[in-house]
Amino acid sequence: MKKLSVIILLITGFLYQCQKTPVYPDQPIIDYESFSLYISINSLDQEVLTGKINFSFTDGDGNIGFEPEADTSSFELPDSLRYNLFLQLYDYHKGDYVEIPEEDGGYLKYIIPYLDKQPLIGTISVTIEYPIINYDTIFYTFFLYDRDLNRSNTDTTEVRILSGIELN
């Protein structure tokens, strides 16, 4: 009888452990999943090369995304308060990968909408249109901020070769 009680207690404990919610740090963690390229038609009925980057994320205190805010056009906010997802484009040039400057479209900034659930676990997809193919061999690095301005780790996409892709 004692053995049966111990076995039942162990099984109950095991099942209880299986139902516990995992604990994640308050700092967001991102994990790259995929970077795909395809030809699509934009709103002007033109062919464009489109890239789609997918990554998963966790945030222990669940405060990713900005709440809808009042008009901030009358004053300048730093990028970390205005945007919360940042991507940096790199291109292969003369034997090395070089960072493409913001003025050439190399630094992309996005706003993730308000999310609030503890812990927060999900997947984010970012779509990028390339109406003109300026680069040959590219990859991105990316990171995000939560509402407490905790910065995530930086992750990197796979290298993609754009040469040979022609748009009409």
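The values are calculated or read from the model by the stated rules, or taken from the named source; none is laboratory data. Predicted model only: the values in this text are computed from it and were never measured. When we count neighbours, we look across all protein chains shown, and the Cβ atoms used for this are built from the backbone with ideal geometry, even at glycine.
The table below lists the values:
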{"read-out": "Every residue from region 42-65 that is within 21 Å of Ile133 (Cα to Cα) and outside any strand (DSSP E or B)", "value": "Asn42, Ser43, Leu44, Asp45, Gln46"}
{"read-out": "Out of Glu99, Glu76, sole residue that is farther than 25 Å from Ser43 by Cα, of a type outside the set (Ser, Thr, Tyr) and modelled with pLDDT of 95 or more", "value": "Glu99"}
{"read-out": "Matching residues, region 110-150, being closer than 17 Å to Val48 by Cβ and touching a helix residue (DSSP H, G or I) at 6+ places or on another chain (Cβ under 8 Å)", "value": "Asn134"}
{"read-out": "Selection within region 133-153 - more than 17 Å from Ser36 (Cα to Cα) and either touching a Gly at 6+ places or on another chain (Cβ under 7 Å) or surrounded by fewer than 16 Cβ atoms within 10 Å (Cβ to Cβ) (or both)", "value": "Asn134, Asp148, Leu149, Arg151, Asn153"}
{"read-out": "Candidates Ile41, Ile100 - the one that is in contact with an Asp or Glu (Cβ under 7 Å, 6 or more places away or on another chain) and within 21 Å of Asn168 (Cβ to Cβ)", "value": "Ile41"}
{"read-out": "Selection within region 154-163 - out of contact with any strand residue (DSSP E or B) (no Cβ under 6 Å at 6 or more places or on another chain) and either of a type in the set (D, E, K, R) or loosely packed, with under 12 Cβ neighbours inside 10 Å (or both)", "value": "Ser163"}
{"read-out": "Region 111-122 - residue that is touching a Phe, Trp or Tyr at 6+ places or on another chain (Cβ under 7 Å) and loosely packed, with under 14 Cβ neighbours inside 10 Å and, of those, nearest to Phe66 (Cα to Cα)", "value": "Tyr114"}
{"read-out": "Scan of region 92-118 for residues that are within 20 Å of the chain's Cα centre (by Cα) and outside any loop (DSSP other than H, G, I, E, B), ordered by number", "value": "Glu99, Glu102, Tyr107, Leu108, Lys109, Tyr110, Pro113"}
{"read-out": "Subset tally (residues that are touching a Leu at 6+ places or on another chain (Cβ under 8 Å), more than 21 Å from Pro22 (Cα to Cα) and not acidic (Asp, Glu)) for region 107-130", "value": "9"}
{"read-out": "Condition met for Asn63 (over 19 Å from Gly106 (Cα atoms) and either modelled with pLDDT under 70 or under 16 Å from the mean Cα position of the chain (by Cα) (or both))", "value": "yes"}
{"read-out": "Residue that is nearest to Arg82 (Cα to Cα) [pool: residues in region 123-167 that are at pLDDT 95 or above and of a type in the set (Phe, Trp, Tyr)]", "value": "Phe143"}
{"read-out": "Tally of residues being out of contact with any strand residue (DSSP E or B) (no Cβ under 8 Å at 6 or more places or on another chain) and within 30 Å of Gly62 (Cα to Cα) across region 103-120", "value": "3"}
